[in-house]
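Reviewing the structure listed below.
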Amino acid sequence: MPDSLNDAYQPLWKDRKRILGMPISFTRYEVTSDRLILKKGFFRTETNELLLYRILDIKLVRTLSQKIFGVGTIILYSADQSHNTLELQNIKKSDAVRKFLSKIVEQERNSKGITGREIYGAAAGMMGSESGAYVFKDVNGDGIPD
């Protein structure tokens, strides 16, 4: 396979839905350079993909019990017909993930020349490469590209 195809599907971030703060569920989340992938199930699996440039709004919700276990739920509102609301439930370091998603959604919109009604995020965490594509770096080593 060409390297560009492999690079497109290399995860920039991945996690599982957590139960009591532990990743013991069969729901997995993954973000590549241009899409968010949600995989659910053990016996019957379901995979949903959402193109990042179609995300319109990002919301973070943390209940008291989620705060105790260090997780949160990220709600994505999108222009996608099949799932216009997508929840990433019980994600570790949810605020950092929300910021990362905001940055990468903005970068993807800019690379495709798409303008939304509202502009999110800043390009501060993105570093340009020689090819003109943006590369996300994990500066502080927490597993979430900054």
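FYI, it's all coordinate maths here, none of it is from the lab. What you see is a predicted model, and the numbers here were worked out from it, not measured in a lab. So basically every Cβ, Gly included, is an ideal-geometry build from the backbone, and we count neighbours across all protein chains shown.
Tabulated data for the structure shown
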read-out	value
Distance violations [Cα-Cα > 25 Å] among 92/112; 59/93; 67/112; 39/93	92/112; 67/112
Dipole-positive endmost among 38, 10, 23 within region 5-46 (Cβ charges, Cα centre)	23
